[in-house]
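Working notes, structure below.
The values are calculated or read from the model by the stated rules, or taken from the named source; none is laboratory data. This one's a predicted model, so the numbers in the text were calculated from it and none came from an experiment. Note: ideal-geometry Cβ built from the backbone for every residue, glycine included; neighbour counts use all protein chains shown. Only protein heavy atoms, including side chains, enter the accessible area calculation; ligands, DNA and RNA are left aside. Shrake-Rupley method; radii C 1.70, N 1.55, O 1.52, S 1.80 Å.
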Amino acid sequence: MRTGTLIIGACQAGVQLACSLRELGDTDPIVLVGEEPHAPYQRPPLSKAFLKGEATADSLTFRTHEFYTEHNIELVTRERIVSIQRDADGGEATAESGRRFEFARLALTTGAVPRQIPFEGSELEGVSYLRSITDAALFERRVHTAQNVVVVGGGFIGLEVAAGTCVVGKTVTVLEAAPRLVGRAVSEATSAFYLAAHRRRGTRVVLNAQVSRFLGQHDRVTGVELASGDVIPADVVLIGVGVIARTELADQLGLAVDNGVVVDASALCSDGLTVAAGDCTNLPNPTPKSSATPGGIERLRLESVQNAVEQAKVAAATLLGLPAEYSTVPWFWSDQADLKLQIAGLSGGHDQIVLRGDPETEKFSVLYYRAGQLIAADCVNRPLDFIAVRAMLHSGQQLPADRAADLSLPLKKLAASAVETAPAVPVLIGK
Ligand SMILES: Cc1cc2nc3c(=O)[nH]c(=O)nc-3n(C[C@H](O)[C@H](O)[C@H](O)COP(=O)(O)OP(=O)(O)OC[C@H]3O[C@@H](n4cnc5c(N)ncnc54)[C@H](O)[C@@H]3O)c2cc1C
């Protein structure tokens with residue numbers, strides 16, 4: 001009879017899942033298998049401290065080898081699982097090397113890969129992506145000897161890299177295809193702020209930039225040609241245009257896949273046996289019912305550390321047959337130069353925003369409302385706003401929009417006084 005859990009994908013979600021199984025009292029064998037050569041490590045610093053030389057591969061690992069041994073978690077690196085056979089009692093996974101792993105329970109934490117753009121010249125030396133430590137080390141070496149750095153994609157990772165390389169004296173250009181930066185995640189007000197802030201710090205940002213090809217000489221990239229005919233000189237190019245969930249094993253198992261492995265609120269896949277967690281999943285919106293308003297997002301992918309950790313905890317409980325439901329206020333952060341952005345909640349479908357503070361001071365929050373209810377906030381260098389909004393979204397406590405801009409009181413106090421004096425229906429102040 002098969003025993004134990006096989007976790008495929010040894011990073012943020014996989015490590016958490018293994019640790020949570022032990023915390024929940026599971027004493028069966030656990031095998032955590034990953035294709036990368038490194039012990040599991042944190043990815044967020046790869047576009048931040050690592051690029052600035054303030055973190056090393058060693059300093060980014062989550063746990064020591066002794067930790068895995070002590071907790072009886074068998075960590076297997078450099079093995080890519082390529083096929084899985086399973087039935088209700090478990091199954092067997094096979095790695096590219098031919099090595100086989102039997103299991104009674106199976107978890108997929110396979111993450112995501114950078115979206116590739118097949119432009120002419122993509123194969124030139126110097127054209128880079130950033131997902132792994134290996135990618136980051138290669139990019140860092142390339143930047144070291146480069147003068148002109150071009151970042152294709154004005155999302156979080158692209159902007160973090162731009163901010164990090166700009167401070168080391170490079171000429172940095174960000175090319176964004178959309179009319180604004182980070183358009184999928186933040187409001188126009190936040191986008192406009194980041195555009196101005198990056199330009200102030202010396203980064204050139206081109207919006208509505210349609211890349212047509214990468215130019216090169218002797219197999220090395222030398223520039224990026226835009227549809228307008230402009231050529232931006234480049235010794236190194238970073239492409240940061242989003243990620244694609246890794247679903248190849250889920251596809252092979254016949255699990256439901258729709259822009260990610262489809263899971264329910266208990267992290268269970270469509271076969272009712274396998275669990276999945278982290279960047280690879282497409283999940284029901286976890287926002288607590290108390291703060292969810294009609295018209296919100298029903299299913300989504302969340303690419304964040306918080307999601308990988310919290311969903312993995314739920315997946316571990318589900319594997320052990322314990323009741324668990326993923327319910328949390330999604331949050332995210334991005335560090336760009338000295339600007340700390342913290343986002344609480346999901347702003348999709350908002351019909352009103354309130355600006356709290358002056359973006360010119362580089363310390364402000366954008367609060368998002370839907371049907372008069374606070375649903376999310378982008379907080380730039382305002383950590384107390386972030387903490388207060390997160391707590392309000394957790395508890396369902398409301399903050400009327402007409403009071404949110406008042407900087408004379410902390411948000412926490414404003415929310416508390418709103419409860420004492422709240423009118424039956426929250427007052428709205430324009431759209
Ligand atoms: C540069 C960068 C900066 C980021 N910054 C932030 C940030 O500031 N804040 C934030 O919240 N999030 C940030 N993120 C996102 C965050 O790191 C991810 O959301 C998180 O790592 C997801 O964890 P995961 O375990 O689901 O997936 P991953 O970390 O991608 O791990 C999946 C692992 O599975 C392995 N794998 C896949 N398929 C197989 C297979 N068939 N066999 C064996 N192994 C396999 C992969 O190689 C990988 O090691 C950042 C990500 C990057 C790349």
Using a Gaussian network model of the chain whose springs link C-alpha atoms within less than 10 Å, name the residue from SER122, SER408, SER347 with the highest mean-square fluctuation.
SER408
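Mind checking the dipole of the range 116-241: about its Cα centre, +1 per Lys or Arg Cβ, -1 per Asp or Glu Cβ, Debye to the nearest 20?
On the way: 12 positive and 12 negative charges, 91 e Å.
Around 440 debye, computed over the range 116-241.
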Under a Cβ-only charge scheme (Lys and Arg +1, Asp and Glu -1), can you give me the dipole magnitude of the chain about the Cα centre, in debye to the nearest 20?
1020
Below 19 Å, Cα to Cα, which aspartates and glutamates can LYS340 reach? Residues fewer than 8 away in the same chain don't count.
GLU54, GLU160, GLU188, GLU303, ASP358, GLU360, GLU362, ASP378, ASP385
Just to check, using Stokes-Einstein with a Kirkwood Rh over alpha carbon pairs, what's the diffusion coefficient of the range 261-378 at 10 °C and 1.306 mPa s in µm²/s?
102
Taking the inverse of the average 1/r across all pairs of different Cα atoms in the range 1-147, what Kirkwood radius in Å do you get?
17.0
Solvent-accessible area, 1.4 Å probe, carbon plus sulfur percent, for the range 1-130:
47
Would you calculate a helix-derived [θ] at 222 nm for the chain, using -39,500 (n - 2.57) for each DSSP H run of n ≥ 4 and dividing by the full residue count, to the nearest 500?
-7000 deg cm²/dmol
Charge dipole of the range 331-421 about the Cα centre (unit charges at C-beta), most positive-ward option of GLN342, GLN397, ALA376
GLN397
Could you tell me the convex hull volume per residue, in Å³, taken over the Cα atoms of the range 92-190?
170
The Cα extents of the range 116-241 along the principal axes, largest first and rounded to whole Å, are 43, 30, 24
Hull volume per residue for the range 19-88, using the convex hull of the C-alpha atoms, in Å³ is 128
Of the peptides 86-94, 170-178, 197-205, 372-380, how do they stack up when ordered by the mean number of other Cβ atoms within 10 Å, highest first?
372-380, 170-178, 197-205, 86-94
Simple SL model, points at 7 angstrom along Cα→Cβ for THR56 and VAL231; separation in nm is 4.1
What base-10 log of the normalised intensity I(q)/I(0) is obtained for the range 331-421 from the Debye formula, alpha carbons as equal point scatterers, at q = 0.18 Å⁻¹?
-0.71
By per-residue mean of other Cβ atoms within 10 Å, what is the highest-first order of 254-261, 42-49, 216-223?
42-49, 254-261, 216-223
Could you work out, for the chain, what percent of all Cα-Cα pairs fall into each 20 Å distance bin, beginning at 0 Å and stopping at the bin that holds the largest distance?
25, 52, 23, 0
Nothing charged except the Cβ atoms of Lys and Arg (+1) and of Asp and Glu (-1): what's the magnitude of the dipole of the range 371-412 about its Cα centre? Round to the nearest 20 debye.
120
